[in-house]
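Below is one structure, written out as structure tokens; comments come after it.
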Amino acid sequence: MHRFDPELVAALAEGTLEAEEAAAFEAQIAADPAALAELAKQRAALVAIRAAGTPKLEGAERTTLRARI
């Protein structure tokens with residue numbers, strides 16, 4: 001089993017790698033079930049984060065936050 005850089009897996013999941021680099025890395029991990037599972041988890045996490053939206057603070061929450069910073 002290969003050990004792949006988790007930062008590279010995350011970059012692939014985010015879509016921030018250049019197309020050539022992404023294709024080469026995907027070819028490398030294609031035979032590694034653990035790496036593919038990690039990539040799937042990263043992609044699922046990104047979908048969940050993006051779907052969550054921006055949190056909104058009420059006035060009292062903003063005041064409390066500012067006081068504690």
*Extreme residue, farthest from the chain's Cα centre (by Cα), among residues of region 1-44 that are of a type in the set (S, T, N, Q) and open to solvent by 60 Å² or more (accessible area, probe 1.4 Å)*: GLN28
*Residue within region 46-65 that is among the hydrophobic types (A, V, I, L, M, F, W, C), open to solvent by less than 60 Å² (accessible area, probe 1.4 Å) and touching a helix residue (DSSP H, G or I) at 6+ places or on another chain (Cβ under 8 Å) present*: yes
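The values are calculated or read from the model by the stated rules, or taken from the named source; none is laboratory data. In this text the structure is predicted, and so the values were computed from the model without any measurement. Glycine also receives a Cβ, built like all others from the backbone with ideal geometry; neighbour counts cover every protein chain displayed. What goes into the accessible areas is simple: the full protein's heavy atoms, side chains included, and nothing from ligands, DNA or RNA. Shrake-Rupley method; radii C 1.70, N 1.55, O 1.52, S 1.80 Å.
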